[in-house]
Amino acid sequence: MSSRTALRAAALAVSALALTACNDPGGAAAVSAAPSAPASAAASAPAGKPSAPASAAAADHGLDSPPPGQARVAGLALLPWEWGNGFKESGKPSEDTSLALPALDASCHLTGSTPVKGLTGRMQRTVELPSPAGTGVSVFGWSEAEVFGSADASHRDFADTRAGAKRCPAYTDDASGDRFSGVHEVKAPSVAGADEVYAEEGTGVFVLADGKKSDPLPYVLLVARKGEVTFDVYADIDDGRGIAAARTYAGEAMRTLAIKF
């Protein structure tokens, strides 16, 4: 996994789960009105990689058996073909089941690794769409499913995500040097079956494997909660198409996830 891919997935996962670990207590188009996905994002049907076996999930946590909620979420996060034609796994491994994530401190610096309160199972899968010229990544994305011990615990975490964007509109990942700015809540799309939906947009500058920094990349994060289960989708664009394209990819991915509710 390139440093850019690994750190981008780790850092943005915080926006969906642990953005307000030290603080407990606009604009995106609605999914129903999102433009049709580009041809490269139209769903295709090849068989995808099966979910990580229980033994892999257990090893990830250093346990003899998977966390109690792991079986429930293992098949929910999207496989590459569910994002569209041309998408492939991003990173090795492309799946993450950790229940401990970095957290933002009082100064909006991302640091450490802290268990997320109430979280009993998690599956994140990262994907990418290579650029047409084959020289880089056009679209980077991840989808994630989390299950909490109760609907109340899931709701509290959801509320923390919303509060975090207000508390830290700009933050830095101390481990990687990645910087996020313009982080803000936007109008949430309508997601069938969801009890709550949150939408966030911003810009990330990522430190690349050679030490250089990426251009500022627009991203979209969507979070939908139903009962004790939360679904997250993230997409950023690295080919100059801007935030509108990121909204399209994220919206299409969330629509696919909603079918699994």
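Where a number appears in this text, it was derived from the coordinates with a stated rule and is not lab data. All figures in this text were calculated on a predicted structure; none of them were measured in a lab. Cβ placement follows ideal geometry from the backbone for every residue including glycine, while neighbour counts extend to all protein chains displayed.
Structure notes:
- Under 5 Å, built H, 5+ apart or other chain: amide partners of Val137: Ser131
- Environment charge of His155, counting only residues whose C-beta is closer than 10 Å and scoring Lys/Arg +1, Asp/Glu -1: -4
- Across region 106-261, the relative contact order, built from alpha-carbon pairs under 8 Å that are at least six residues apart, equals 22 percent.
- Here the spin labels are modelled as points 7 Å beyond Cα on the Cα-Cβ line, and at Ala159 and Ala100 they lie 2.7 nm apart.
- Net charge contributed by nearby residues that have their C-beta within less than 12 Å of Ala224 (K/R +1, D/E -1): -1
- Ala244/Ala209 FRET efficiency (R0 35 Å; Cβ-Cβ; nearest 0.05): 0.75
- Measuring spread by the Cα atoms of region 108-172 yields a radius of gyration and Dmax of 16.0, 47 Å.
- Region 165-186 and region 77-121 have their alpha-carbon centroids 16 Å apart.
- For region 116-261, the mean projected area of the C-alpha convex hull, equal to one quarter of the hull surface, is 9.0 nm².
- Near the amide H of Glu196, within less than 5 Å, lie the amide hydrogens of Arg225, all on another chain or at least 5 residues away, with H placed in the peptide plane.
- If R0 is 41 Å, the Cβ-Cβ spacing of Thr135 and Asp174 corresponds to a FRET efficiency of close to 0.85.
- Inter-label distance, Phe261 to Ser181: 3.7 nm, where each label sits 7 Å from its Cα along the C-beta direction.
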